[in-house]
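The values are calculated or read from the model by the stated rules, or taken from the named source; none is laboratory data. All of these numbers come straight from a predicted model, not from anything done at the bench. We place every Cβ from the backbone using ideal geometry, glycine too, and count neighbours over all the protein chains shown.
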Amino acid sequence: MSRTRKNFSAKFKSDLVLEVLKGEKELNVIATENGIQPNLLRNWKKEFLEKASVVFDDSREENIKEKLSEERKEKAACARKVGQLTMQVDWLKKKSEEMLGPDYESKFSPKPPFED
């Protein structure tokens, strides 16, 4: 018999951890009231406290802006490449039509696979 794994939202986790940190109720009581294991709540509390300094990290916002800028540059480069390739395909179609006639595509019938 397999057990289904519960997924808890970040809001739910942070609300419970904040309740634990207030100290009004014991961790075990909060865990029991919410139907979770106390160890799970301890792990959430530990993770919450370890990552709390990230909230005040000024470089985090700079890193996000830098990543966004890089992604925009990459997107622009891809758009340029697509434009270039589109122009090349259009040019090749035009030249093929000039050299072979308007029905040039019918002259290149693909071979069925695995036919000798």
Scan region 75-91 and give yes if some residue there is closer than 30 Å to LYS11 by Cβ and either free of Cβ contacts under 8 Å to residues at least 12 places away in the same chain or touching a Phe, Trp or Tyr at 6+ places or on another chain (Cβ under 8 Å) (or both), otherwise no.
no
Exactly one of GLY83, GLY35 is on the phi > 0 side of the Ramachandran plot and either assigned to a helix (DSSP H, G or I) or surrounded by fewer than 10 Cβ atoms within 10 Å (Cβ to Cβ) (or both), and that one is GLY35
| request: For LYS94, state whether it is surrounded by fewer than 10 Cβ atoms within 10 Å (Cβ to Cβ), assigned to a helix (DSSP H, G or I) and basic (Lys, Arg). | output: no
Test ILE64 against the criterion of being surrounded by 10 or more Cβ atoms within 10 Å (Cβ to Cβ), modelled with pLDDT under 85 and within 30 Å of PHE8 (Cβ to Cβ), and give yes or no. yes
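Go through region 38-56 and give me each residue that's assigned to a loop (DSSP other than H, G, I, E, B) and surrounded by 11 or more Cβ atoms within 10 Å (Cβ to Cβ).
none
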